[in-house]
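Q: Supplied in structure tokens, the structure appears directly below.
The values are calculated or read from the model by the stated rules, or taken from the named source; none is laboratory data. Since we're looking at a predicted model, the values are computed, not measured. In this analysis, Cβ positions are derived from the backbone assuming ideal geometry, glycine residues included, and neighbour counts consider all displayed protein chains. Calculation scope for accessible area: heavy atoms of the full protein, side chains included, ligands and nucleic acids excluded. Shrake-Rupley method; radii C 1.70, N 1.55, O 1.52, S 1.80 Å.
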Amino acid sequence: MNNASTELKHFMSGLRKRNPGEAEFHQAVEEVAMSLMPFILDHEKYYKARILERLTEPDRIIIFRVCWEDDLGNLRVNRGYRVQFSNCIGPYKGGLRFHPSVSLSILKFLGFEQIFKNSLTTLPLGGGKGGANFNPKGKSDREVMRFCQSFMTELTRHIGADIDIPAGDIGVGAREIGYLYGQFKRLNNRHTGAITGKGFDYGGSLMRPEATGYGCVYMMREALSHEGDDLENKSCLVSGSGNVAQFCAEKLIQLGARVLTMSDSGGTIYDPDGINEDKLMWIKELKNSRRGRIVEYAKQFPSAEYLEGKRPWAIPANLAFPCATQNEIEADDAKALISNSCRAVCEGANMPSTKEAIDLLQAAKVTFVPGKAANAGGVAVSGLEMTQNSMRIHWSAEEVDQRLLGIMQNIHRKCVKYGNDGDYIDYVKGANVAAFSKIADTMLAYGVI
Ligand code: GLU
């Protein structure tokens, strides 16, 4: 057998050849393969069974046309996708993303990550992801509704409570889930938990909206507490201003930390006085109801500065929470965080840090918790929504929150168990190895399929 770096090179060159031009997918697989290869070579049964080769080939990919009519009566065409990556340990589970940047590469990277994230939750959830290159920005409610109905008209035949359970992601929030689920119910004449993130009145779980952001802060609290520290008075950089960022900021404020920034694709607002509960409420109204831009915050609150076209990472702070999108922390951003003595990064988004950035942060011994561990709270509560749907009951917010906390603490424990390199916890390795073993053993149990 070759050594780990030769084996990795060989594996990655095959993967690149089989999936040409899919840069984000290559990136996500490489991060996982790098930390898993030594483990796989130590366990010949995984190597011989070609687990990594099999796991990087999706079970199936569905690509379809989505036709809809805009408010002016123009016919519009988008491309819809569902990547059903692995249903090894449970039905396919993962969000839908509506964003102009959506491509097969993006959805394969997200679907691949989802397999590992979902395994970490300990719930019976496989991995999948879907979406469309549709841009909800600037569209009327009715246009979004017509798009969602057309999208679901095709998707419906591929999903179901025991088959594949989509949810939200970037561009798919409460409004879109309502339209998607309404159409699913209408087409199937069936009210089942085939989508999560539903409104509470029609089968949603309390705490699902909060879950990803709260979970990310719980993870940071665990990581700090492992180092004998806490969140009290810590200055925090949060990027994004969507669902994950809003509830990440909310929990940070509740736990006594100071949130200095939030952002959107136009730029960053930096409020040295801190974003308090009232200001955050204003942001929620701006983003969720008025669907406005974050620049308006700086006009509303004179204590804040608007950094046009900039990300938050150059501002000195103790902690960083990238909650916007993939590759938003690049090498230079990581250098800025390090030179400002940032001590920990917890990823609320999926793959927000590039490989170069992760290498720099880890080399500088900045505590770094990757998205598949840090943002697993969202899909975990989706799993709890499925359980409540099956049982036809609703748990209280306290009950769900307690379960969420327990799941995040358990993920933290597993990362420490498998990623403890002496004086530094390698959360990337810990999360990957912990998630992988369970999937790999199940694949061995199933034989050659
Ligand atoms: N899109 C979220 C994620 O990246 C949630 C998925 C879900 O709830 O199924 O994990």
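Q: Criterion first (away from the ligand (no atom under 16 Å from the Cβ), in contact (Cβ under 8 Å) with a residue 12 or more places away in the chain and of a type in the set (Asp, Glu)) does Glu210 satisfy it?
A: Values: away from the ligand (no atom under 16 Å from the Cβ): no; in contact (Cβ under 8 Å) with a residue 12 or more places away in the chain: yes; of a type in the set (Asp, Glu): yes.
Criteria not met by Glu210.
Q: Let me ask something additional. Kindly check whether there is at least one residue in segment 375-386 that is farther than 27 Å from Val428 by Cα and within 16 Å of the ligand (Cβ to nearest atom).
A: Narrowing segment 375-386 to residues farther than 27 Å from Val428 by Cα: 385-386.
Imposing the further condition that a residue be within 16 Å of the ligand (Cβ to nearest atom) reduces the set to 385-386.
Checked segment 375-386: at least one residue is farther than 27 Å from Val428 by Cα and within 16 Å of the ligand (Cβ to nearest atom).
Q: Inside segment 50-67, can you point out the residues that are within 30 Å of Lys438 (Cα to Cα) and part of a strand (DSSP E or B)? Break it down into steps so the answer makes sense when it comes.
A: The initial filter retains those residues of segment 50-67 that are within 30 Å of Lys438 (Cα to Cα), namely 50-63.
Answer for segment 50-67, where residues must be within 30 Å of Lys438 (Cα to Cα) and part of a strand (DSSP E or B): Arg60, Ile61, Ile62, Ile63.
Q: Out of all the residues in segment 296-312, which are within 21 Å of Ser101 (Cβ to Cβ) and either in a strand (DSSP E or B) or hydrophobic (A, V, I, L, M, F, W, C) (or both)? Even if it seems obvious, please write down each step before you answer.
A: Going through segment 296-312, the residues within 21 Å of Ser101 (Cβ to Cβ) turn out to be 308-312.
Answer for segment 296-312, where residues must be within 21 Å of Ser101 (Cβ to Cβ) and either in a strand (DSSP E or B) or hydrophobic (A, V, I, L, M, F, W, C) (or both): just Glu308.
Q: Now for a separate question. Can you say whether Lys299 is under 24 Å from Asn350 (Cα atoms) and open to solvent by 30 Å² or more (accessible area, probe 1.4 Å), as far as the supplied structure shows? It would help to see each step written out before you state the result.
A: Numbers: under 24 Å from Asn350 (Cα atoms): no; open to solvent by 30 Å² or more (accessible area, probe 1.4 Å): yes.
Taking the combined requirement at face value, the residue does not satisfy it.
Q: Among all residue pairs at least 6 apart or on different chains, which show Cβ distances below 7 Å where the first residue, located in segment 384-409, is without any contact (Cβ under 8 Å) to a residue 24 or more places away in the chain and the second is part of a helix (DSSP H, G or I) and surrounded by 18 or more Cβ atoms within 10 Å (Cβ to Cβ)?
A: Listed pairs, sorted by first residue: Arg403/Leu384.
Q: Now a separate question. Looking at segment 188-293, what helices (runs of 4 or more DSSP H) fall wholly within it and have at least 3 residues that are under 22 Å from Pro312 (Cβ atoms), open to solvent by less than 70 Å² (accessible area, probe 1.4 Å) and in contact with a strand residue (DSSP E or B) (Cβ under 7 Å, 6 or more places away or on another chain)? Even if it seems obvious, please write down each step before you answer.
A: On the way: elements: 208-226, 243-254, 277-284.
Hits in segment 188-293: 208-226, 243-254.
Q: Do we find that Cys346 is modelled with pLDDT of 95 or more, in contact with a strand residue (DSSP E or B) (Cβ under 8 Å, 6 or more places away or on another chain), away from the ligand (no atom under 12 Å from the Cβ) and under 22 Å from Arg208 (Cβ atoms) in this structure?
A: Working: modelled with pLDDT of 95 or more: yes; in contact with a strand residue (DSSP E or B) (Cβ under 8 Å, 6 or more places away or on another chain): yes; away from the ligand (no atom under 12 Å from the Cβ): yes; under 22 Å from Arg208 (Cβ atoms): yes.
So Cys346 passes the test.
Q: In addition: Scan segment 413-422 for residues that are open to solvent by 10 Å² or more (accessible area, probe 1.4 Å) and either within 16 Å of the ligand (Cβ to nearest atom) or in contact (Cβ under 8 Å) with a residue 12 or more places away in the chain (or both) and jot them down.
A: Within segment 413-422, Lys414, Val416, Lys417, Tyr418 meet the criteria.
Q: Quickly run through segment 38-60 and pick out the residues that are surrounded by 16 or more Cβ atoms within 10 Å (Cβ to Cβ) and either touching a strand residue (DSSP E or B) at 6+ places or on another chain (Cβ under 8 Å) or over 20 Å from Met12 (Cα atoms) (or both).
A: Correct list: Leu55, Pro58, Asp59.
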